[in-house]
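Asker: Following this message is one structure expressed as structure tokens.
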Amino acid sequence: MIDVVEATKEKMVLVCKVLQKQRVIDGYGHLTVRLADGRILSTPHMPPGKVALRDLIVINAEGEKLEGAGEPNGETPMHTSIYKARADVQCILHYHPDEVIAVAAAGEGIKVLSNSGVHFYRGTPIYDSPLLIRTHQLGDKVAAALGDRSAVLLRGHGGTVVSHSLDNLLRLGLDLVRAAKLQIMAAPLGALKTHSREECEQMVKGHDQPNANRRYIDYYISEVVD
Ligand SMILES: [Zn+2]
């Protein structure tokens, strides 16, 4: 029988490798997954793209370490606050991509200029502080800014995406950076035509189909495995 926790750990390491290969994470950032019993799997305090299976740690809902050799990340309270606020969220990626920081600095959030941006059509709120999220109080503020959306931009700092599954989280994590990049590329061109709400809703419906992410995910995984 497949051990769910072990399978989740393997997937987490793979997701980190994809994010590293695509250069959307660097020495910082972190990924967590909530387990069925409320415990949380987390990358430890080390570059997430360099994490191996044995490095993953288990923390409780308060962010205290239960298992593993490494230490929790300083910004763990952001994860625990979001899990408390959002029963639908099963995994969280926090990272610091330049493109996301540039867009947040403009104070506009993500514009849906391409199909990579449709996940974010309900808005990407901006948490208006560059300070690291090291306390439960600040974590709660980020969770409040996120609300019921799938991404929050942190001014001068980075971004956080949340999802119900690791496949979807990977897609959101890559597509947020791509959407931000397109927004920056298109900015000097003048007035921009964005997707209508109806167009976004129609496209997002397609994402609910079984295996909707398969081809997307398989491509990126093929880039990191032989
Ligand atoms: Zn951070």
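The values are calculated or read from the model by the stated rules, or taken from the named source; none is laboratory data. Being a predicted model, the structure only gives us computed values, none of them experimental. Here the Cβ is made from the backbone with ideal geometry for all residues, glycine too, and neighbour counts use every protein chain on show. Only protein heavy atoms, including side chains, enter the accessible area calculation; ligands, DNA and RNA are left aside. Shrake-Rupley method; radii C 1.70, N 1.55, O 1.52, S 1.80 Å.
Asker: By the scheme Lys and Arg +1, Asp and Glu -1, what is the net charge of all other residues having a beta-carbon under 15 Å from that of Ile2? Before the final figure, lay out each step's value.
Answerer: Details: positive: Lys9, Lys11; negative: Asp3, Glu6, Glu10.
Taking every other residue near Ile2 into account, the sum is -1.
Asker: Could you run the Karplus curve 6.51 cos²θ - 1.76 cosθ + 1.60 with θ = phi - 60° over the range 174-182 and give me ³J(HN,Hα) per residue in whole Hz, x for Gly and Pro?
Answerer: Rounded to whole hertz, the list is 6, 6, 5, 5, 5, 5, 5, 4, 4.
Asker: So what's the gap between the Cα centers of the range 144-214 and the range 3-17, to the nearest angstrom?
Answerer: 23
Asker: What does the accessible area of Met185 come to, in Å² to the nearest 10, when a probe of 1.4 Å is used?
Answerer: 130
Asker: Right, something else. Which number comes out as Rg/Rh for the chain once both Rg and the Kirkwood Rh are worked out on C-alpha atoms? Before the final figure, lay out the partial values.
Answerer: Values: Rg = 16.8 Å, Rh = 17.7 Å.
Reported Rg/Rh (Cα atoms, Kirkwood Rh): 0.95.
Asker: How long is the gain from Ala186 to Val4 if the chain were fully straight, where each residue apart is worth 0.36 nm and the alpha carbon distance is subtracted?
Answerer: 61.2 nm
Asker: Let me ask another. Would you please report the Å³ per residue occupied by the convex hull of the alpha carbon atoms in the range 73-139? Write out the running numbers ahead of the final one.
Answerer: On the way: hull volume 7.5 nm³, N = 67.
Taking the convex hull of the Cα positions in the range 73-139, it is 112 Å³ per residue.
Asker: Moving to a separate point now. What nm distance separates the two modelled labels at Asp226 and Glu199, each placed 7 Å from Cα along Cα→Cβ?
Answerer: 4.4
Asker: Would you mind counting up the charge near Gln90? Only other residues with Cβ under 14 Å from its Cβ, with Lys and Arg at +1 and Asp and Glu at -1.
Answerer: Details: positive: Lys11, Arg34, Arg39, Lys84, Arg86; negative: Asp37, Asp88, Asp167.
Around Gln90, the charge tally is +2.
Asker: Accessible area per residue for the chain in Å², computed with a 1.4 Å probe and the full protein assembly in place, what is it?
Answerer: Numbers: 11330 Å² over 226 residues.
Value returned for the chain: 50 Å² of accessible area per residue.
Asker: Label-point separation (nm) for Tyr219 and Ala102, each offset 7 Å from Cα along Cα-to-Cβ?
Answerer: Inter-label distance under the simple model: 2.1 nm.
Asker: First select every other residue whose beta carbon is under 13 angstrom from the beta carbon of Asp175; then total the charges, Lys and Arg +1, Asp and Glu -1.
Answerer: Numbers: positive: Arg171, Arg178, Lys181; negative: Glu99, Asp167.
Residues close to Asp175 contribute a combined charge of +1.
Asker: Quick check on the range 171-226: take the gyration tensor over C-alpha atoms, sort the square-rooted eigenvalues as a ≥ b ≥ c, and tell me if it's rounded (a/c under 1.5), prolate or oblate. Don't skip to the answer; put the middle values down first.
Answerer: Numbers: a/c = 3.99, a/b = 1.37, b/c = 2.91.
It is oblate, given that a/c is not under 1.5 and a/b is not larger than b/c.
Asker: So how tilted is helix 197-207 from the main axis of the chain? Cα-based, degrees 0 to 90, rounded to 10.
Answerer: 40
Asker: Sticking with this one: Just the projected area, averaged over all directions, of the convex hull on the alpha carbon atoms of the range 139-187: how many nm²? Mind showing how you got there, number by number?
Answerer: Working: hull surface 16.0 nm².
That works out to 4.0 nm², a quarter of the Cα hull's surface.
Asker: Which ³J(HN,Hα) values, rounded to whole Hz and listed in residue order, are derived for the range 153-158 from phi using the Karplus coefficients 6.51, -1.76 and 1.60 in 6.51 cos²θ - 1.76 cosθ + 1.60 with θ = phi - 60°, glycine and proline given as x?
Answerer: Taking θ as phi minus 60°, the curve returns 9, 10, 4, x, 9, x Hz for the range 153-158.
Asker: Quick check for the range 1-117: number of Lys pairs with alpha-carbon distance under 29 Å, counting only pairs 8 or more apart or on different chains?
Answerer: Taking the Cα cut-off of 29 Å, the pair count is 20.
Asker: Ok, one more. Would you calculate, for the chain, the mean residue ellipticity at 222 nm contributed by helices, counting each DSSP H stretch of 4 or more residues as -39,500 (n - 2.57) and dividing by all residues, to the nearest 500? Walk me through the intermediate numbers first.
Answerer: Working: 7 runs with 88 residues, N = 226.
So the helix-based figure for the chain works out to -12000 deg cm²/dmol.
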